[in-house]
Amino acid sequence: MSRPSRIARIPSGRLSACVLVATLGGCTALFAEPGASGLGDPFFPALGNGGYDAVAYDLALTIDPTAKTLDGVATIDARALMALSSFSLELHRLDVREVSVDGRPADFVRDGDELRVTPDDALAEGAHFVVRVTYGGAPEAVPSAAVPFLPGVGWMTSDDSVYVMAEPNGASSWFPCNDHPSDKAFYRFELTVPVADTAVANGVPTARVDHGDGTQTLTFVASDPMATYLATIAVGPFELVEDEGPGGLVLRHWFHPTIEAAQRAPFERVPEMISLFSELFGGYPFECFGSIVSNLQVGAALETQTVPTYGLHSASPSTIAHELAHQWFGDSVSVRSFSDVWLAEGFASYASWLWSEHADGPEAIARRAERTYGMLRRADPGPPAAPGVEDMFGMSVYVRGAFALHALRLTAGDETFFEILRTFTGRYRHGNASVADFEAVVAELAGAEASDTLAEWLHAEHVPEFDLGGDDAVVPADTSTQG
Ligand code: TRP
Ligand code: ZN
């Protein structure tokens, strides 16, 4: 349903004044246009929306982990990037009861996963505005071409708990949003759940109020910019184990009670991992860290910001190192578009090589390099800088992508290589970068040989030849693509 044009309703006497003083509020309507309902991402063209920038999300949600329902209010602070007659948010299924803009009821229509909002008055370019969406229902995961190993991404449930693992296109399964990593924002969560359970979200727990009626409200604040797919909540009967990282960094691990001691033990090495990666990648970028170790039947983990989420039995030292490294690569420095996924997965995968080099000694990485190179030459996955959407989380990005960094390291030398990593994480901290942005840092700090080696590993159709300096003619296959 479209509204009558705003222009038609402007009294003609005001038109000439508007031409003279185009910035007057009443004239916004003359120039206002609908914001685009997609950002044209190469993998997910409909994700994200044009015309505004989401600044902060405040999500006040009541969650029933038994009924698997969610009800609440999303309050979104945003800034108009152009004069807007209407704008779009993503929201998958769920019922929308009411939408307001700057406190006044606004018209809205649903079109697939787009929620188009038409405020009473057009929004001027540069204007800050507040959108409130009252919504709820039983959330459903969003099917994703990039994640064929799951029925969908986003909202996930077990017998007694709910979780969110949304990469790449599932954030709209639980809140209305500008669902693209190029629009990072601040988050505050107010989660009302049964007192028998607990609730977790990104960032720092700041308050707990017991309502005395069997429910409680827990508040979490994430005060560094975050991509929508990294936002998460978990509700269930978790056990909290606190620990301390380097420099007094607070660590909070939430274990589902069914997680056994052997599955919890590897988390004891998180402080040592943070020390190692802080030295190699630059200071840890967030205010806290921890884990949600779930009872989900999902054989994978996701780097949800400040608090990675693990499927049942998917926490190993190598996965924990991988998700921790994502805090620098993917979370603090986010992809500009989803086709830049190598910047997240290639680096996180190589980080588990670095952890194994530290924990098991330098011989371990030399053997791993030989095995991996032999396997890559046989399987010959395509270039990690240009995976298809179906291969976003495949061997090309994770294994050839990790080897690309190893090849760069061997060519540039350790000192230059880690200088490149620290320069890159520092320059794009809490922002977005493309594969080309990383290559530019390499060109700046290393010689042409290093740049060319990296370019081949990233862009050449076939796995390049590479001299590891040893006898790599006969090597067993390495089937462990990632931790
Ligand atoms: N980024 C995840 C990793 O660290 C992989 C992943 C992508 C994922 N989408 C997911 C895992 C959804 C669980 C659910 O490798
Ligand atoms: Zn990863």
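Over segment 343-483, the Kirkwood radius and the radius of gyration, each from Cα atoms, give a ratio Rg/Rh of 0.94.
How big is D, in µm² s⁻¹, for the chain by Stokes-Einstein at 20 °C and 1.002 mPa s if Rh is the Kirkwood radius over C-alpha pairs?
On the way: Rh = 23.7 Å.
Result for D is 91 µm²/s.
Of the residues Leu280, His406, Ala124, the one whose Cα sits farthest toward the positive end of the charge dipole of the chain, with +1 on the Cβ of Lys and Arg and -1 on the Cβ of Asp and Glu, is Ala124. The charge dipole of segment 31-141, taken about its Cα centre with unit charges on the Cβ atoms of Lys, Arg (+1), Asp and Glu (-1) only, comes to about 140 debye.
Residue-wise HN-Hα couplings along segment 437-452, as the Karplus relation 6.51 cos²θ - 1.76 cosθ + 1.60 with θ = phi - 60° gives them from phi, are 4, 5, 4, 5, 5, 4, 4, 5, 9, 10, x, 4, 4, 5, 4, 5 Hz; Gly and Pro carry x. Approximating the spin labels as points 7 Å out from Cα along Cα→Cβ, the Glu33-to-Glu415 distance works out to 5.3 nm. Full extension of the chain between Glu279 and Arg93 gives 62.5 nm of extra length, using 0.36 nm per residue less the Cα-Cα distance. The mean sequence distance of close C-alpha pairs (under 8 Å, at least 6 residues apart), as a share of the length of the chain, puts its relative contact order at 11 percent.
Taking every alpha-carbon pair under 8 Å whose residues sit at least 6 apart, segment 288-362 reaches a relative contact order of 24 percent. Computed over protein heavy atoms with a 1.4 Å probe, the carbon and sulfur contribution to the accessible area of segment 398-444 reaches 45%. Across segment 68-79, computed HN-Hα scalar couplings (Karplus, 6.51 cos²θ - 1.76 cosθ + 1.60, θ = phi - 60°) run 6, 10, 9, 9, x, 10, 9, 10, 10, 8, 9, 10 Hz from first to last residue, x flagging Gly and Pro. Remark: segment 364-417 is approximated by an ellipsoid whose semi-axes, taken from the C-alpha gyration tensor as √(5λ), come to 21, 14, 8 Å, largest first. Taken along the Cα-to-beta-carbon direction at a fixed 7 Å, the label points for Arg429 and Glu449 span 3.3 nm. Over all other residues within a Cβ to Cβ distance under 9 Å of Gly382, the charged ones net out to -2, with Lys and Arg as +1 and Asp and Glu as -1. Only one residue of Pro139, Phe43, Ser85 has its Cα farthest out toward the positive end of the dipole of segment 28-145, where Lys and Arg carry +1 and Asp and Glu -1 on Cβ, and that residue is Pro139.
At what distance in angstrom do the alpha carbon centres of segment 103-160 and segment 245-287 lie from each other? What the calculation gives is 33 Å, centre to centre.
So if each residue of separation counts as 0.36 nm, and I subtract the Cα-Cα distance between Glu114 and Glu465, what length gain in nm does that give?
Working: separation 351, 0.36 × 351 = 126.36 nm, distance 4.65 nm.
Contour length minus the Cα-Cα distance gives 121.7 nm.
P(r) for segment 296-387, from all Cα pairs and a bin width of 5 Å, is 3, 14, 17, 21, 22, 17, 6, 0 %, short bins first. Angle of helix 317-326 to the longest C-alpha principal axis of the chain, folded into 0 to 90 degrees and rounded to 10: 50°. Please determine, in degrees from 0 to 90 and to the nearest 10, the orientation of helix 362-379 with respect to the longest principal axis defined by the Cα atoms of the chain, where the helix direction is its Cα long axis. Taking Cα atoms only, the helix is inclined about 70 degrees. Spatial offset of segment 38-78 relative to segment 406-457 amounts to 34 Å, using the alpha carbon center of each.
Across segment 188-310, Cα-Cα distances exceeding 26 Å account for 21% of all pairs. Annotation: amide H-H contacts under 5 Å for Ile233 (H modelled 1.01 Å from N, sequence separation of 5 or more, or interchain): Val164. Multiplying the residue separation of Glu239 and Glu287 by 0.36 nm and subtracting their alpha-carbon distance yields 15.1 nm. Based on protein heavy atoms only, segment 307-380 ends up with 26 Å² per residue of surface accessible to a 1.4 Å probe.
Mean separation of Cα pairs under 8 Å and 6+ residues apart, divided by the residue count of segment 400-473: what relative contact order is that in percent? Relative contact order, segment 400-473: 43 percent.
Between helix 401-412 and the chain there is an angle of about 60 degrees, using the helix long axis and the longest principal axis of the Cα atoms.
In terms of solvent-accessible area of protein heavy atoms at a 1.4 angstrom probe, what is the ranking of Met226, Met82, highest value first?
Met82, Met226
Per-residue ellipticity at 222 nm for the chain, helices alone: DSSP H runs ≥ 4 residues times -39500 (n - 2.57), over residue total, nearest 500 deg cm²/dmol? About -8000 deg cm²/dmol.
Binning the C-alpha pair distances of segment 70-152 at 10 Å intervals from 0 yields a P(r) profile of 17, 44, 26, 12, 1 %, listed from the shortest bin outward. Note on Val250 and Glu272: the model spin-label points, each 7 Å out from Cα along the C-beta direction, lie 2.6 nm apart. Given +1 at the Cβ of Lys and Arg, -1 at the Cβ of Asp and Glu and no other charges, the dipole of the chain around its Cα centre is 1400 debye to the nearest 20. Note on segment 406-452: with charges restricted to the Cβ of Lys and Arg (+1) and Asp and Glu (-1), its dipole about the Cα centre is near 280 debye.
Within the shell defined by Cβ-Cβ distances under 14 Å, the residues around Arg264 carry a net charge of -3, with Lys and Arg each +1 and Asp and Glu each -1.
Toward the positive end of the charge dipole of segment 275-399, with +1 on the Cβ of Lys and Arg and -1 on the Cβ of Asp and Glu, the farthest Cα among His322, Val298, Pro381 is that of Pro381. Segment 77-222 gives an Rg/Rh value of 0.99, both radii derived from C-alpha positions and Rh following Kirkwood.
The values are calculated or read from the model by the stated rules, or taken from the named source; none is laboratory data. All values derive from a computational prediction rather than experimental measurement. Virtual Cβ from ideal backbone geometry, glycine too; neighbours counted across all protein chains shown. Remember, those area values only see protein heavy atoms, side chains included, never the ligands or the DNA or RNA. Shrake-Rupley method; radii C 1.70, N 1.55, O 1.52, S 1.80 Å.
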